[in-house]
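Read the structure below first, then the notes.
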Amino acid sequence: MAFYTMGVFVSSISFLGYGISYFKGPHMKSEFKRFQLEKLGLLTIILQLIGALGLLLGFWFYTPLLLISAAGLSLMMLLGLVIRFKLKDSLWVSLPALFFMLLNAYIFWIGMSMC
């Protein structure tokens, strides 16, 4: 259970950090440009921020919100992996997306077993 709790906090803090970095510097925006997804960049970041907040609120107050958030973030990272593979990014560059996909799938799985 400690890994589950730590996973929720690591995932939510990380996605909050990614979201904030989109507004603070050019790196995240240039990545969306490289992915040819410039028009979806802001929407993606907003969904990540909502997912991160949903993990936190769902952890403390309302488990279905946690399940929806974890599933959504996991799916988003799966799509991110697909894009990275299409662009022929290295495994090293793709590892964060893989890690967060698996972490959020784990959070979803454990959350489902707790319902």
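Every number here is computed from the coordinates shown, using simple stated rules; none is lab data. Owing to the predicted nature of the structure, the values given are computational and were not obtained by experimental measurement. Cβ placement follows ideal geometry from the backbone for every residue including glycine, while neighbour counts extend to all protein chains displayed.
Quick look at the values:
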quantity: Options Ser113, Ser69: the member that is over 14 Å from Gln48 (Cβ atoms) and part of a helix (DSSP H, G or I); calculated: Ser113
quantity: Where Lys39 falls short, out of the listed (1) surrounded by 15 or more Cβ atoms within 10 Å (Cβ to Cβ); (2) free of Cβ contacts under 8 Å to residues at least 60 places away in the same chain; (3) over 14 Å from Val10 (Cα atoms); calculated: (1)
quantity: Test: residue in segment 51-59 that is in a helix (DSSP H, G or I), farther than 16 Å from Tyr4 by Cα and free of Cβ contacts under 8 Å to residues at least 12 places away in the same chain; calculated: no
quantity: Residues of segment 1-34 classified as closer than 25 Å to Leu66 by Cα and either small (Gly, Ala, Ser) or in a loop (DSSP other than H, G, I, E, B) (or both), total; calculated: 9
quantity: Failed item, numbered, when Arg84 is tested on (1) basic (Lys, Arg); (2) part of a helix (DSSP H, G or I); (3) out of contact with any Ser or Thr (no Cβ under 6 Å at 6 or more places or on another chain); calculated: (3)
